[in-house]
Amino acid sequence: MNTEEKGMQNEYVKIVAVQNELYILPDSSKVWMKKGSSIQYNKAFNEQRDVWLSGSSLFEVTTQNGHPFRVYIQKAMIEVKGTCFDIHQDSEMKKNEIILYNGKINFTPENNEEIEMSPHQKITHYIEKREILKENIKNMDWEDGKFYFKELPFFIQTLLLSGRIYSSF
């Protein structure tokens with residue numbers, strides 16, 4: 001995909017996940033993409049670390065001083081400070097959900113002020129209502145590509161152990 005910007009031609013890379021898969025960006029950041037999701041970024045990614053996401057993915061971002069990492073989603077942008085976070089976009093319900101596992105990010109909805117997130121927080125952004133809910137998550141953690149659950153109700157523990165429910169990544 002090519003676009004013209006200030007007289008220069010920029011080339012973009014677009015990746016579409018045909019199944020749940022891990023994609024490693026040129027800066028070594030990891031993107032666990034859910035089936036049907038896509039990301040797009042400039043071939044000169046290490047100079048301008050901007051990613052456009054369609055769908056849902058989990059990001060584990062490598063810190064590079066002086067080179068911010070931004071993810072553009074429906075009517076919002078996330079600026080990353082070297083971290084691990086999950087994005088779920090629901091176009092039918094017209095909402096974005098962002099869950100921060102560690103590090104720090106700033107969430108900026110279109111035409112609004114930025115909201116700083118700390119580890120174990122979730123933002124639900126209702127796009128049409130222009131409503132944002134921020135909450136703390138107490139029973140889940142993320143480390144080395146694995147979810148860890150604490151104090152789950154017995155019926156959810158039973159479903160997890162039986163294999164009836166599972167994480168998509």
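Does the range 142-150 contain any residue that is part of a loop (DSSP other than H, G, I, E, B), open to solvent by 50 Å² or more (accessible area, probe 1.4 Å) and at pLDDT 90 or above? For the range 142-150, residues part of a loop (DSSP other than H, G, I, E, B), open to solvent by 50 Å² or more (accessible area, probe 1.4 Å) and at pLDDT 90 or above: absent. Looking only at residues of the range 82-94 that are over 12 Å from Lys122 (Cβ atoms), part of a strand (DSSP E or B) and not polar (S, T, N, Q), we find that the one that is most open to solvent (accessible area, probe 1.4 Å) is Asp90. Taking the criterion of being at pLDDT 80 or above, open to solvent by 60 Å² or more (accessible area, probe 1.4 Å) and not in a strand (DSSP E or B), would at least one residue in the range 56-65 satisfy it? There is at least one residue in the range 56-65 that is at pLDDT 80 or above, open to solvent by 60 Å² or more (accessible area, probe 1.4 Å) and not in a strand (DSSP E or B).
Filtering Glu113, Glu97, Glu79 for residues that are part of a loop (DSSP other than H, G, I, E, B), open to solvent by 10 Å² or more (accessible area, probe 1.4 Å) and of a type outside the set (S, T, N, Q) leaves a single hit, Glu113.
Within the range 16-34, the set of residues being within 23 Å of Lys94 (Cα to Cα), in contact (Cβ under 8 Å) with a residue 24 or more places away in the chain and open to solvent by 20 Å² or more (accessible area, probe 1.4 Å) comprises Asn20, Trp32, Lys34.
The values are calculated or read from the model by the stated rules, or taken from the named source; none is laboratory data. Model, not experiment: these values are computed from the prediction. A quick note on method: Cβ atoms are made from the backbone with ideal geometry, for glycine too, and the neighbour counts reach across all protein chains shown. Only protein heavy atoms, including side chains, enter the accessible area calculation; ligands, DNA and RNA are left aside. Shrake-Rupley method; radii C 1.70, N 1.55, O 1.52, S 1.80 Å.
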